[in-house]
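K.L.:
Encoded as structure tokens, here's the structure I'll be asking about.
The values are calculated or read from the model by the stated rules, or taken from the named source; none is laboratory data. Predicted model only: the values in this text are computed from it and were never measured. Cβ: placed from backbone, ideal geometry, glycine included. Neighbour counts: every protein chain shown. Each accessible area value is taken on the protein alone, full model and side chains, heavy atoms only, with ligands, DNA and RNA left out. Shrake-Rupley method; radii C 1.70, N 1.55, O 1.52, S 1.80 Å.
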Amino acid sequence: MSRAVLGLGTNLGDRAENLRAALGALGRLPGTRVEAVSSVWQTAPFDVPDKQQDYWNICVSLETTLSPHALLGACLGVEAALGRVRRTYHGARVIDLDLLLYDGAAVQEKELTVPHPGMLERAFVLFPLSELFPERIACGLDFHNAPGFADGGSVLRLGPAKDLLS
Ligand SMILES: Nc1ncnc2c1ncn2[C@@H]1O[C@H](COP(=O)(O)OP(=O)(O)OP(=O)(O)O)[C@@H](O)[C@H]1O
Ligand SMILES: Nc1nc2c(c(=O)[nH]1)N=C(CO)CN2
């Protein structure tokens, strides 16, 4: 059994429903259990080409028997099932699932890079991630250097997933 950590984001349509549906789908993957879910964080769109609604971001840890590649394939399947359409680079999306970490694995391929290359620069990842691993990640001290904080206040904790998403 391995532990994988995913970052989820949505900024199109009903964001609570999109996260709810994605979590449900992840829990139904073969050999997979949702171990923990962060709070829901409302974050300003970072590095996007046009005006977009704020994102809702969460991080999720999974216990899974799926390999990293099989899990990535499953994540792409969940995105497709929820109606994600890829139009432009960093365009608004119904749902995005990024594989952030998989045990201690390091994968360097175009189709799959783990740890996710952008994760340490993204406040919208680090804040929810710090809730799952408080002993490993402390947010706050250096947050003004995180790109998500370029506008000085772009990450807002909305509340626990159990209140917002169940
Ligand atoms: N760790 C990873 N998690 C998810 N996708 C990855 C990962 N590493 C590489 N990819 C590849 O990236 C491709 C494009 O993913 P996507 O369109 O969701 O990127 P993005 O989320 O818009 O950008 P970013 O990666 O900057 O968050 C996927 O088809 C996948 O093969
Ligand atoms: N706040 C925020 N900004 C983003 C996000 C995201 O999930 N949250 N995802 C992106 C592409 O993956 C680009 N920009």
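K.L.:
Cβ contacts < 9 Å: first residue on the phi > 0 side of the Ramachandran plot, restricted to the range 94-106; second residue open to solvent by 20 Å² or more (accessible area, probe 1.4 Å) and not in a strand (DSSP E or B), any location; separation 6+ or different chain. Result?
P.N.:
Final answer for the pair search is ASP103/PRO68.
K.L.:
Filter the range 140-158 down to the residues that are in contact with a strand residue (DSSP E or B) (Cβ under 9 Å, 6 or more places away or on another chain) and modelled with pLDDT under 90 and list them by number.
P.N.:
PHE143, ALA146, GLY148, PHE149, SER154, VAL155, LEU156, ARG157
K.L.:
Output the number of the condition that PRO134 fails; it satisfies all remaining conditions of (1) assigned to a loop (DSSP other than H, G, I, E, B); (2) open to solvent by 30 Å² or more (accessible area, probe 1.4 Å); (3) within 20 Å of ALA21 (Cα to Cα).
P.N.:
If we test PRO134 against (1) assigned to a loop (DSSP other than H, G, I, E, B); (2) open to solvent by 30 Å² or more (accessible area, probe 1.4 Å); (3) within 20 Å of ALA21 (Cα to Cα), just (3) comes out false.
K.L.:
A follow-up question, please. Scan the range 30-82 for residues that are farther than 23 Å from VAL114 by Cβ and acidic (Asp, Glu) and jot them down. Spell out the reasoning first.
P.N.:
Filtering the range 30-82 down to residues farther than 23 Å from VAL114 by Cβ leaves 39-40, 42, 44-45, 48-54, 56.
Passing the criteria: ASP50, ASP54.
K.L.:
Kindly check whether there is at least one residue in the range 125-135 that is polar (S, T, N, Q) and closer than 15 Å to ARG3 by Cβ. So that I can check it myself, show each step before the final result.
P.N.:
So in the range 125-135, the residues polar (S, T, N, Q) come out as 130.
With closer than 15 Å to ARG3 by Cβ added as a condition, the list becomes none.
No - not one qualifying residue is present in the range 125-135.
K.L.:
I'm told LEU8 meets every condition in (1) within 13 Å of ligand 1 (Cβ to nearest atom); (2) in a strand (DSSP E or B); (3) in contact with a Lys or Arg (Cβ under 8 Å, 6 or more places away or on another chain) except one. Can you identify the failing condition by its number?
P.N.:
Checking LEU8 against (1) within 13 Å of ligand 1 (Cβ to nearest atom); (2) in a strand (DSSP E or B); (3) in contact with a Lys or Arg (Cβ under 8 Å, 6 or more places away or on another chain), the one that fails is (3).
K.L.:
For PRO30, state whether it is crowded, with 19+ Cβ neighbours inside 10 Å, on the phi < 0 side of the Ramachandran plot and part of a loop (DSSP other than H, G, I, E, B). Give the steps one after another, and end with the answer.
P.N.:
Numbers: crowded, with 19+ Cβ neighbours inside 10 Å: no; on the phi < 0 side of the Ramachandran plot: yes; part of a loop (DSSP other than H, G, I, E, B): yes.
No; evaluated as a whole, the condition is false for this residue.
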